[in-house]
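First the structure, in the form of structure tokens, and then the observations on it.
The values are calculated or read from the model by the stated rules, or taken from the named source; none is laboratory data. In this text the structure is predicted, and so the values were computed from the model without any measurement. Here the Cβ positions follow ideal geometry from the backbone for every residue, glycine too, while neighbour counts run over all protein chains shown.
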Amino acid sequence: MMPLVMEELYRDYTVHRLYEPGDQPALDAALSSIRAVATGGGSGLSNGWIEKLPSLGIIAINGVGTDKVDLAFARSRNIDVTTTPGVLTDDVADLGIALMLAVLRRLGEGDRLVREGRWAAGEQLPLGHSPKGKRIGVLGLGQIGRAFALRAEAFGMSVRYWNRSRLTDVKWVAHESPADLARDSDVLAVCVAASAATQNIVDASVLEALGRQGIVINVARGSVIDEDALIAALRSGTIAGAGLDVFVNEPKIRSEFYSTPNTVLMPHQGSATVETRIAMGQLVLANLAAHFAGGKSPNIVN
Ligand code: 8YV
């Protein structure tokens, strides 16, 4: 979290940091009196940890992903789980578009070609592809999916989507299944929330349906794509490329990704701007403050 946010935490609470080595004895001694946990969307809090904290009343997630917290288990122990909705939508969608353009226009390859002196030595970057006129399939039309779709339209792309539940308030074409969506898309933008139901929802059959010219963008969670299938599809040319901000085992991602062709990789940066991280931190602080004031936090999700 931003130093500005941490300062407020330290001002208003007794804070222990899980990953601060020197703080471990104090943390261990405080376990039974810890009443709140602030954590990242990608880190969450395991049930094992929840069981170690008998006084816990709130898990304030600094993010929107709830896949790393067992919401029902937390509720069964009367623990509120809160997130930071709304404030990160635009930045995550922006990063998705940046990844899409980076793959289409070969930004990573071009940067390496220039830096390594290969351009000066006469090597040419192969031509890229224009987004204009291409079809974008948005998998998961929540807030981030919608923001992605609106941006893609501004690049002259036509939008279609798949969503778990039927939506009546959008003009875009809906598809019955992720494979149907992929078959009708040039770029598959994965924005779906991670859950048991969406694990590996992008599998080998979806990648096959996307096809040899197709590109996958993932700003959701690594778990929603079958990484074995994705690595195989990138290597064999079953799809043309991928732009990935999220992976199954972050930060120790599958080493095969280091050498997959036509792939742009980011270290989970969707919401990582100064502006958005301040706004997220303020929501974490507001959720904690409301809880400790004895009221209901504004962004409870369980
Ligand atoms: C953050 C996220 O990277 O919102 C989420 O679920 O994964 C991201 O916004 C993370 O939560 C930062 O702590």
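Of everything in the range 162-186, what is aromatic (Phe, Trp, Tyr) and either on the phi > 0 side of the Ramachandran plot or assigned to a loop (DSSP other than H, G, I, E, B) (or both)? Give them in sequence order.
Trp172
I'm told Asp245 meets every condition in (1) closer than 23 Å to Asp67 by Cβ; (2) crowded, with 18+ Cβ neighbours inside 10 Å; (3) away from the ligand (no atom under 16 Å from the Cβ) except one. Can you identify the failing condition by its number?
(3)
Run Asn200 past the list (1) within 14 Å of the ligand (Cβ to nearest atom); (2) on the phi > 0 side of the Ramachandran plot and report the number of the one that doesn't hold.
(1)
Could you grab the pairs with beta carbons closer than 9 Å, sequence gap of 6+ or different chains, first residue in the range 208-231 and in the same structural domain as Phe257 (by TED's automatic domain parsing) and within 16 Å of the ligand (Cβ to nearest atom), second one in a loop (DSSP other than H, G, I, E, B) and acidic (Asp, Glu)?
Ile217/Asp245; Asn218/Asp245; Val219/Asp245; Ala220/Asp245; Arg221/Asp67; Gly222/Glu250; Ser223/Asp67; Ile225/Asp203
Taking interchain pairs and intrachain pairs at least six residues apart, which have beta carbon atoms under 6 angstrom, with the first residue in the range 24-43 and in contact (Cβ under 8 Å) with a residue 40 or more places away in the chain and under 22 Å from Asp70 (Cβ atoms) and the second assigned to a helix (DSSP H, G or I) and not hydroxyl-bearing (Ser, Thr, Tyr)?
Ala36/Leu288; Ala38/Val284
Regarding Leu265, is this residue surrounded by 14 or more Cβ atoms within 10 Å (Cβ to Cβ) and out of contact with any Phe, Trp or Tyr (no Cβ under 8 Å at 6 or more places or on another chain)?
no
Answer yes or no as to whether Lys68 is surrounded by fewer than 20 Cβ atoms within 10 Å (Cβ to Cβ), under 30 Å from Val216 (Cα atoms), without any contact (Cβ under 8 Å) to a residue 40 or more places away in the chain and within 16 Å of the ligand (Cβ to nearest atom).
Considered against the rule, which asks whether it is surrounded by fewer than 20 Cβ atoms within 10 Å (Cβ to Cβ), under 30 Å from Val216 (Cα atoms), without any contact (Cβ under 8 Å) to a residue 40 or more places away in the chain and within 16 Å of the ligand (Cβ to nearest atom), Lys68 comes out as yes.
Applying the selection to the range 16-35, what residues are within 16 Å of the ligand (Cβ to nearest atom) and closer than 22 Å to Ala289 by Cβ?
Within the range 16-35, Arg17, Leu18 qualify.
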